[in-house]
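The values are calculated or read from the model by the stated rules, or taken from the named source; none is laboratory data. None of the values given here were measured: they were computed from a predicted structure. Here the Cβ positions follow ideal geometry from the backbone for every residue, glycine too, while neighbour counts run over all protein chains shown.
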Amino acid sequence: MKLKSASCQIAYWEGGKLRIANYLTRREFSASPVTLEVIRFFFTPRTIQDALSEFRSYSQKSVAKAILQLIDAQLLLEYGSAEQERDELVGSSWAPWLPEGGFHFMTKDTPYVPGDWPIEEKLKTLPATPAPPQFKKILGDGAVRLPSHEIPRDTFFETLHARRTHREFARGKVSLDNVSKLLQTTWGVQGYFETDVFGKLPYKTSPSGGARHPGEVYLMALRVAGLERGMYHYHARDNRLVRLPVKVSPRRASEYCADQLYFAGAAALFIMTAVFARTMWKYGRARAYRVVLLETGHLCQTFCLTATRLGLAPFSTAALKDSLIEKDLGLNGISESVLYVAGVGLLAGGPRESVTAGN
Ligand SMILES: Cc1cc2nc3c(=O)[nH]c(=O)nc-3n(C[C@H](O)[C@H](O)[C@H](O)COP(=O)(O)O)c2cc1C
């Protein structure tokens, strides 16, 4: 059996200790700097026997121990195994954005403080120091008092001011018409424009760096009148839903959202992913990863405002079980990965009138 060093690894110093992490599998361990020599040796696939003869000046026992530790930490992978191929795929397909892009993989599936924890337990997760001030105040004579704070009576401003994150929903169904409006307004194609270099590019309601539009959306329909409960992919160009063979349930919805129970009451989830290559192909620097995240924020805000204008109860969450969602959706989590989830239900207190007031 041959071993190969993981390409998805990063080393750094922490309090005088060398830490080596596999950012794809999120395994980390402390090592002595000489371990780096072993890792370098295995960048060419080799056997343990090869390593024992290469590192003859060290005792066989210590070399074998280091190798076993590296295997355990998933920094050495069995050459040709599924894990090693996955590692290689990240290394090759994400090459333009690495190593900085390792952040994406390292921060997946983060733990979330459960909502039903007692307040004392939640407080223990916070630093002992007071929270930083919420507002920045610059002292000086140059202050200019601004005119009135009154909200203009116009649906645009009223919708902006009415948007809130909802965590309680009425039991009824959301109409397919409204789901369709949400999809089309947020992710649909408004039209196309011609470019010299890049051909025909789509316009959407949200801006996108280079009009690359890396975002995709999947609908988990739980209570949508006129649509069978299920998981669907939204085809933006054709404005069409395609059913996927994925089991859905309120419990699964909550699981996706890191077990936040309130989202089990939602009528539909809108799972936002990105196809990174669309952006990476044009923008070969890691900063473009930020662009993808920023754009997902634009989409989510458009979604929340549209839902508010439709009199629905929207929410968004970044606390996700990314890997579980990706497994269900049949995504490899490398070329396309989950970034954000939004959802809607019916307003818990019944329909609201304020957002439809105005002109
Ligand atoms: C990126 C992002 C992630 C969020 N994640 C969660 C979440 O996991 N659970 C939750 O209940 N709310 C989540 N929220 C909603 C915030 O808690 C909410 O926006 C905040 O409390 C302010 O309330 P408002 O949205 O009603 O103005 C998230 C908001 C944003 C922008």
Mind checking which residues of the range 1-34 are part of a strand (DSSP E or B), charged (D, E, K, R) and farther than 19 Å from Phe55 by Cβ? Glu14, Lys17, Arg19, Arg27, Glu28
Picking from Thr186, Thr155, Thr205, which residue would you name as being over 30 Å from Lys282 (Cβ atoms) and of a type outside the set (Phe, Trp, Tyr)? Thr155
Could you please let me know if Leu227 is farther than 23 Å from Val275 by Cα, in contact (Cβ under 8 Å) with a residue 24 or more places away in the chain and either touching a Ser or Thr at 6+ places or on another chain (Cβ under 9 Å) or surrounded by 17 or more Cβ atoms within 10 Å (Cβ to Cβ) (or both)? yes
Against the condition assigned to a loop (DSSP other than H, G, I, E, B), within 19 Å of Phe315 (Cα to Cα), out of contact with any strand residue (DSSP E or B) (no Cβ under 6 Å at 6 or more places or on another chain) and within 16 Å of the ligand (Cβ to nearest atom), how does Ser206 come out, does it pass? yes
When residues of the range 254-269 are filtered for being more than 12 Å from Ile325 (Cβ to Cβ) and either of a type outside the set (S, T, N, Q) or in a helix (DSSP H, G or I) (or both), how many remain? 10
Checking the conditions here, which among Arg153, Arg145, Arg164 is in a loop (DSSP other than H, G, I, E, B), more than 30 Å from Pro45 (Cβ to Cβ) and touching a Pro at 6+ places or on another chain (Cβ under 9 Å)? Arg164
Any residue in the range 172-201 that's part of a strand (DSSP E or B) and acidic (Asp, Glu): show its pairings with residues that are modelled with pLDDT of 95 or more and exposed (fewer than 11 other Cβ atoms within 10 Å of the Cβ) at Cβ separation under 6 Å, as long as the two are six or more apart or on different chains. Glu194/Lys200
For the range 17-32, name all the residues that are farther than 20 Å from Thr110 by Cβ and modelled with pLDDT of 95 or more. Lys17, Leu18, Ile20
Having 3 or more residues that are within 16 Å of the ligand (Cβ to nearest atom) and over 20 Å from Cys257 (Cα atoms) is the bar; report the helices (runs of 4 or more DSSP H) wholly within the range 275-330 that clear it. 287-309
Kindly evaluate Ala267 against the criterion of being under 15 Å from the mean Cα position of the chain (by Cα), buried (at least 18 other Cβ atoms within 10 Å of the Cβ) and more than 26 Å from Val197 (Cβ to Cβ). no
With respect to Gly172, is the statement that it is at pLDDT below 95, under 30 Å from Leu227 (Cβ atoms) and surrounded by 11 or more Cβ atoms within 10 Å (Cβ to Cβ) true? no
List pairs: first in the range 299-318 and β-branched (Val, Ile, Thr), second at pLDDT below 95 and within 12 Å of the ligand (Cβ to nearest atom), Cβ under 7 Å, 6+ apart or cross-chain? Thr317/Gln260
What number of residues within the range 316-333 are more than 13 Å from Met231 (Cβ to Cβ) and either crowded, with 19+ Cβ neighbours inside 10 Å or in contact with a Cys (Cβ under 8 Å, 6 or more places away or on another chain) (or both)? 7
With respect to His149, determine if the residue is within 16 Å of the ligand (Cβ to nearest atom) and not hydroxyl-bearing (Ser, Thr, Tyr). no
Tally of residues being in contact with a strand residue (DSSP E or B) (Cβ under 8 Å, 6 or more places away or on another chain), surrounded by 13 or more Cβ atoms within 10 Å (Cβ to Cβ) and more than 15 Å from Leu331 (Cβ to Cβ) across the range 236-249: 4
Residue list for the range 95-118, restricted to those being away from the ligand (no atom under 16 Å from the Cβ), over 19 Å from the mean Cα position of the chain (by Cα) and either farther than 27 Å from Ala11 by Cα or of a type in the set (Asp, Glu) (or both): Pro118
